[in-house]
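Read the structure below first, then the notes.
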Amino acid sequence: MAVELKEGMAAPDFQLATSTGGELSLRELRGRPVVLYFYPKDDTPGCTREACAFRDGEAELRRLGAAVLGVSRDTLPSHQRFIDKYQLNFPLLSDPDGLAVGAYGAWKPGSEGVAKGGVNRATFLVDAEGTIRRIWRSVKVDGHDQEVLAALEEMIAGTPR
């Protein structure tokens, strides 16, 4: 059984195929903050609103030096269609086996009578040293991008939330 991640813990590393080509590990992004968000499925209403909100906040996120990574179990071709359709400006990572999803506790089991589970929308704010600074679980999409941006600004300024 995986350890439940908490703020202040080291972010689990992963190596996943990325929509920008090749593979990416979280370790490669040390030295800059990372907004790591897990989402259920490409091109669905909530996932599209969430991705487009992060896309639209790119200038502020870049100003703060942050990288944004979206992770789902979708394939790279699905990710590329999603990126092209909505002009997303950050990489999407494919986790078909659910290894990162599981390591971050972003999997929700099926409900009683439903065998199939799915990815639970969750976001992790990881600092430049690889420490989880904020966790949002069961994210409500509307306004979430602004919550993440505010937490990122607080983290960089060194102020408590």
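Please count how many residues of segment 18-61 are of a type in the set (A, V, I, L, M, F, W, C), outside any helix (DSSP H, G or I) and farther than 17 Å from Ile156 by Cα.
Total meeting the criteria: 2.
Of everything in segment 63-93, what is among the small types (Gly, Ala, Ser) and surrounded by 20 or more Cβ atoms within 10 Å (Cβ to Cβ)? Give them in sequence order.
Ala66, Gly70, Ser72 - these are the residues of segment 63-93 that are among the small types (Gly, Ala, Ser) and surrounded by 20 or more Cβ atoms within 10 Å (Cβ to Cβ).
Is it fair to say Arg81 is basic (Lys, Arg) and either under 19 Å from Met9 (Cβ atoms) or modelled with pLDDT under 95 (or both)?
So Arg81 does not fit the description; no.
Are any residues in segment 24-41 touching a residue at least 24 places away in the same chain (Cβ under 8 Å) and not charged (D, E, K, R), and if so, which ones?
Hits for segment 24-41 are Leu24, Leu26, Leu29, Gly31, Pro33, Val34, Val35, Leu36, Tyr37, Phe38, Tyr39, Pro40.
Kindly indicate the residue of segment 117-161 that is β-branched (Val, Ile, Thr) and outside any loop (DSSP other than H, G, I, E, B) and also nearest to Pro96 (Cα to Cα) among those meeting that condition.
Here the residue is Val119.
Would you be able to say whether some residue in segment 62-77 is within 20 Å of Glu147 (Cα to Cα), over 14 Å from the mean Cα position of the chain (by Cα) and part of a helix (DSSP H, G or I)?
Among the residues of segment 62-77, at least one is within 20 Å of Glu147 (Cα to Cα), over 14 Å from the mean Cα position of the chain (by Cα) and part of a helix (DSSP H, G or I), which makes the answer yes.
Restricting to segment 110-128, and then to whatever is in contact with a strand residue (DSSP E or B) (Cβ under 9 Å, 6 or more places away or on another chain) and exposed (fewer than 14 other Cβ atoms within 10 Å of the Cβ), can you tell me which residue is modelled with the highest pLDDT?
Applying the filter and picking the extreme gives Gly117.
Part of a loop (DSSP other than H, G, I, E, B), within 14 Å of the chain's Cα centre (by Cα) and of a type outside the set (A, V, I, L, M), is that true of Gly105?
yes
Output the qualifying pairs, or none if there are none: Cβ atoms under 7 angstrom, residues six or more apart or on different chains, first residue in segment 120-147 and under 11 Å from Val35 (Cα atoms) and in contact (Cβ under 8 Å) with a residue 40 or more places away in the chain, second residue surrounded by fewer than 17 Cβ atoms within 10 Å (Cβ to Cβ) and among the aromatic types (Phe, Trp, Tyr).
The qualifying pairs are Ala122/Trp136; Thr123/Trp136.
Take the residues of segment 42-54 that are surrounded by fewer than 18 Cβ atoms within 10 Å (Cβ to Cβ) and free of Cβ contacts under 8 Å to residues at least 60 places away in the same chain: which is nearest to His144 (Cα to Cα)?
Cys52
The values are calculated or read from the model by the stated rules, or taken from the named source; none is laboratory data. Values in this document were obtained by computation on a predicted structure and should not be read as measured data. Neighbour counts are summed over all protein chains in view; Cβ atoms, including those assigned to glycine, are modelled from backbone coordinates with ideal geometry.
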